[in-house]
């Protein structure tokens, strides 16, 4: 175990040295390339900031307005048809929007019901098999300036729905 610990301590410096040696070998001005890449990174950050701020504000308004509770209340009968525990419904609706909010939600669910409960297992499985769709679309499409996302959004929402259903199905089969 000490060998692994020692190797991990030297991994990052070794990567830097390999990059520098490869740059020197291929006659690349490594520092200039680094500076150009840093400029490009800052430009990307500036491009994605407005849509990201808009998403954060929209999530805050959605939660503070009580709209989330209303959507969950309306979805309970439909969720019952698919055996989705009503305690996991907030995660179903928050996960596509915000990763950090969904992580906090999962933490609360696990504290209340336990990690070994059916609800805890379904919630954990959903967390691992779903994606923060709106955040991902905002960041990646915003970075390259894509504005027409409807087909991507539709496919992502279909995959999200499938992941939720399969999470419940697998947990029901494996854990009863």
Does residue 21 qualify as being farther than 30 Å from residue 89 by Cα, at pLDDT 85 or above, assigned to a helix (DSSP H, G or I) and over 29 Å from the mean Cα position of the chain (by Cα)?
-> yes
Identify, by number, the condition in (1) outside any loop (DSSP other than H, G, I, E, B); (2) within 25 Å of residue 176 (Cβ to Cβ); (3) modelled with pLDDT under 95 that residue 121 doesn't meet.
-> (3)
Residues in segment 80-96: is at least one exposed (fewer than 10 other Cβ atoms within 10 Å of the Cβ), at pLDDT 90 or above and in a helix (DSSP H, G or I)?
-> yes
Test residue 117 against the criterion of being surrounded by 13 or more Cβ atoms within 10 Å (Cβ to Cβ), out of contact with any helix residue (DSSP H, G or I) (no Cβ under 7 Å at 6 or more places or on another chain) and under 20 Å from residue 174 (Cα atoms), and give yes or no.
-> yes
What residue, among those in segment 131-167 that are without any contact (Cβ under 8 Å) to a residue 40 or more places away in the chain and under 20 Å from residue 81 (Cα atoms), is surrounded by the most Cβ atoms within 10 Å (Cβ to Cβ)?
-> 163
Report, ordered by the first and then the second residue, all pairs with beta carbons closer than 9 Å, sequence separation of six or more or different chains, a first member in segment 101-122 that is at negative phi and touching a residue at least 40 places away in the same chain (Cβ under 8 Å), and a second member that is surrounded by fewer than 14 Cβ atoms within 10 Å (Cβ to Cβ) and not in a loop (DSSP other than H, G, I, E, B).
-> 118/172; 118/175; 121/174; 121/175; 122/172; 122/175
Could you list, in sequence order, all residues of segment 25-57 that are touching a helix residue (DSSP H, G or I) at 6+ places or on another chain (Cβ under 9 Å) and not in a helix (DSSP H, G or I)?
-> 28, 29
Please indicate, with yes or no, whether at least one residue in segment 58-75 is at pLDDT 85 or above, outside any helix (DSSP H, G or I) and under 20 Å from the mean Cα position of the chain (by Cα).
-> no
Is there a residue in segment 102-113 that is modelled with pLDDT under 85 and surrounded by 17 or more Cβ atoms within 10 Å (Cβ to Cβ)?
-> no
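Residues are listed down the side, and each one gets a yes or a no for (1) under 28 Å from residue 56 (Cα atoms); (2) in contact with a strand residue (DSSP E or B) (Cβ under 9 Å, 6 or more places away or on another chain); (3) outside any helix (DSSP H, G or I); (4) at pLDDT below 95:
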| site | (1), (2), (3), (4) |
| --- | --- |
| 131 | yes, no, yes, yes |
| 140 | yes, no, no, yes |
| 143 | yes, no, no, yes |
| 147 | yes, no, yes, yes |
| 166 | no, no, no, no |
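The values are calculated or read from the model by the stated rules, or taken from the named source; none is laboratory data. These numbers were taken from a predicted model, which means no experiment stands behind them. Every residue, glycine among them, receives a Cβ derived from its backbone with ideal geometry; neighbour counts consider all protein chains shown.
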